[in-house]
Amino acid sequence: MIIFNEVTKDFKTDFWEKPFRALDKLSFELKQGNIVGFLGANGAGKTTGIKTLLKFIKPTSGSIDYHQVLGKNDREVFKNIGYLPERPYFYPDLTGRELLTYVGQINSIQKSVIKSESLKWSEFLKIDFALDRKLRFYSKGMLQRIGFVSALIKNPKLLILDEPLAGLDPMGRKEFKDAMNILVKEGKTIFFSSHILNDVEEVSKDVVILKTGKLIYSGNVLELIKNKSSNKFDLLVEPYNSELLSDFESIEQGGFKKISIEEDQLQEMLNRLASNNIKIENIRRQTPSLEDIIYRIGI
Ligand SMILES: Nc1ncnc2c1ncn2[C@@H]1O[C@H](COP(=O)(O)OP(=O)(O)O)[C@@H](O)[C@H]1O
Ligand SMILES: [Mg+2]
C-alpha cells in the first residue's frame, strides 16, 4: 500500500550544531490487509516516520509512494487513511459526540452516516456510554478510545495508530487488539507503532523495526523468531528420584522438574525418561520472545 524509499529526515537543532538525523535512509513496504507493528525504543523515529507518511513533515531526502488503491491524488489518498496520534489533543469543551460530528463534517461525510458510524464504532470500542460527556472529563484511556473512533468515522482503508496501546490497562489493550483483528478481517490495513513488544507479537503478522532512525528488520514476525530459536529444548517432567538423571541440570518449576538440554541429547533423554517411567508434562524448543530478540539477542 505504501512504500518508503530511502527516507531520511534531518531536524535542524541549534544554528551552530549539525542537524539531527531522525530517519536514516528508511526503506520498507507496507502490504495491504495486514496488521503491521512499527517497533523501536523511544526516540527511534517511529512518530517521525508516521508524520512523514502523513505528509505533516517533509523528508530531507527520499520519497514515499502511495499505491493507487488508496487514491489517485493526495486528497483521495488521505481520505483513505485514518490516524490516531500519539498524544491526541481534542478541544476539551466538546462532547465525544460533538467531536465525532466535527471530524465527520470536515471529512464531508453525510450527517446520517456520521450518526450511524459514530454509534457503531463507539459501541465497538466501548465508549458509547460517555458520548455526551465533555472531553475534559475523559480519562487517558477514554480519549484513546474516542480518538480511535474518530479515526474510523471515514471508513479508511489504512489505519495509522501511533502508540495506541500506551496508556491503556490490560483489559483496554486486549479490547484494542481484538478491535484491530476484527478491522483487518474486514479488509483494512493497520500500521501501528508500539514499544510494548509482547502486544505486538500477539497481533502483528509483520513488523518494521527501527533503531536510531535505521531499519533493522522488516518482515514476518514468526520467521524472525524462528530464525532466532535455539537448539535447546525445555522438558517439564514429574518429580523423580534425583540420582536417576543427576548428569542433567534441572530446576524445580511449579511442582515439576524442568530440564534444559541440547537437541542432540533429546532422544537419549526421552528413552531414559520412558525406561524409568517418568511422565513428561511438556516439551518445547526454547524460543525467544520479540523482546528478547530486539533488546538482548539482536537481529
Ligand atoms: N521537531 C523535531 N525537532 C528536533 N528533533 C526532533 C523533532 N521531532 C523528533 N525529534 C527527535 O527525533 C528522534 C525521533 O523521535 P520520534 O520520531 O518521536 O521517536 P519515537 O516515536 O520512535 O519515540 C528523537 O530523538 C526526537 O527527539
Ligand atoms: Mg513516538
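Where strands (runs of 3 or more DSSP E) fall entirely within segment 222-299, those with at least 3 residues that are among the charged types (D, E, K, R) are at 256-262, 280-285.
Could you please find all residues in segment 4-17 being outside any loop (DSSP other than H, G, I, E, B) and surrounded by fewer than 15 Cβ atoms within 10 Å (Cβ to Cβ)? Reasoning before the result, please.
Initially, segment 4-17 is screened for residues outside any loop (DSSP other than H, G, I, E, B), giving 4-11.
Correct list: 6, 11.
If you go through segment 154-187 and keep only what is assigned to a helix (DSSP H, G or I) and not hydrophobic (A, V, I, L, M, F, W, C), you end up with 170, 172, 173, 174, 175, 177, 178, 181, 185.
Per-residue answers, yes or no, for (1) modelled with pLDDT of 95 or more; (2) of a type in the set (Asp, Glu):
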{"position": "76", "(1), (2)": "no, yes"}
{"position": "88", "(1), (2)": "no, no"}
{"position": "96", "(1), (2)": "yes, no"}
{"position": "103", "(1), (2)": "no, no"}
{"position": "116", "(1), (2)": "no, no"}
{"position": "126", "(1), (2)": "no, no"}
{"position": "135", "(1), (2)": "yes, no"}
{"position": "140", "(1), (2)": "no, no"}
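Quick grid of which residues meet (1) at pLDDT 95 or above; (2) crowded, with 19+ Cβ neighbours inside 10 Å:
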{"site": "28", "(1), (2)": "yes, yes"}
{"site": "32", "(1), (2)": "no, no"}
{"site": "65", "(1), (2)": "yes, no"}
{"site": "107", "(1), (2)": "no, no"}
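May I ask you to verify whether residue 258 is surrounded by 14 or more Cβ atoms within 10 Å (Cβ to Cβ), outside the structural domain of residue 166 (by TED's automatic domain parsing) and of a type in the set (Lys, Arg)? Yes, satisfied.
In segment 72-105, the residue that is farthest from ligand 1 (Cβ to nearest atom) out of those that are under 25 Å from the mean Cα position of the chain (by Cα) and without any contact (Cβ under 8 Å) to a residue 40 or more places away in the chain is 77. Here residue 163 passes the criteria (1) touching a Pro at 6+ places or on another chain (Cβ under 8 Å); (2) of a type in the set (D, E, K, R); (3) within 16 Å of ligand 1 (Cβ to nearest atom) except the one numbered (1).
Which residues, counting only those in segment 283-296, are surrounded by 11 or more Cβ atoms within 10 Å (Cβ to Cβ) and either modelled with pLDDT of 90 or more or not polar (S, T, N, Q) (or both)? Show your work before the answer.
The initial filter retains those residues of segment 283-296 that are surrounded by 11 or more Cβ atoms within 10 Å (Cβ to Cβ), namely 283, 285-295.
Across segment 283-296, the qualifying residues are 283, 285, 288, 290, 291, 292, 293, 294, 295.
A Cβ distance below 6 Å, combined with a sequence gap of six or more or placement on separate chains, defines the contacts here; from segment 230-256, residues that are without any contact (Cβ under 8 Å) to a residue 40 or more places away in the chain reach residues that are in a loop (DSSP other than H, G, I, E, B) in the pairs 240/278; 244/276.
Looking at segment 36-57 only, could you name the residues that are within 12 Å of ligand 1 (Cβ to nearest atom) and basic (Lys, Arg)? Walk me through how you get there before you give the answer.
Our first condition is that a residue be within 12 Å of ligand 1 (Cβ to nearest atom); within segment 36-57, this holds for 38-53, 56-57.
Once the filter is applied, which keeps residues that are within 12 Å of ligand 1 (Cβ to nearest atom) and basic (Lys, Arg), segment 36-57 yields 46, 51.
The values are calculated or read from the model by the stated rules, or taken from the named source; none is laboratory data. None of the values given here were measured: they were computed from a predicted structure. Counting neighbours? That spans all protein chains shown, and the Cβs are built from the backbone with ideal geometry, glycine included.
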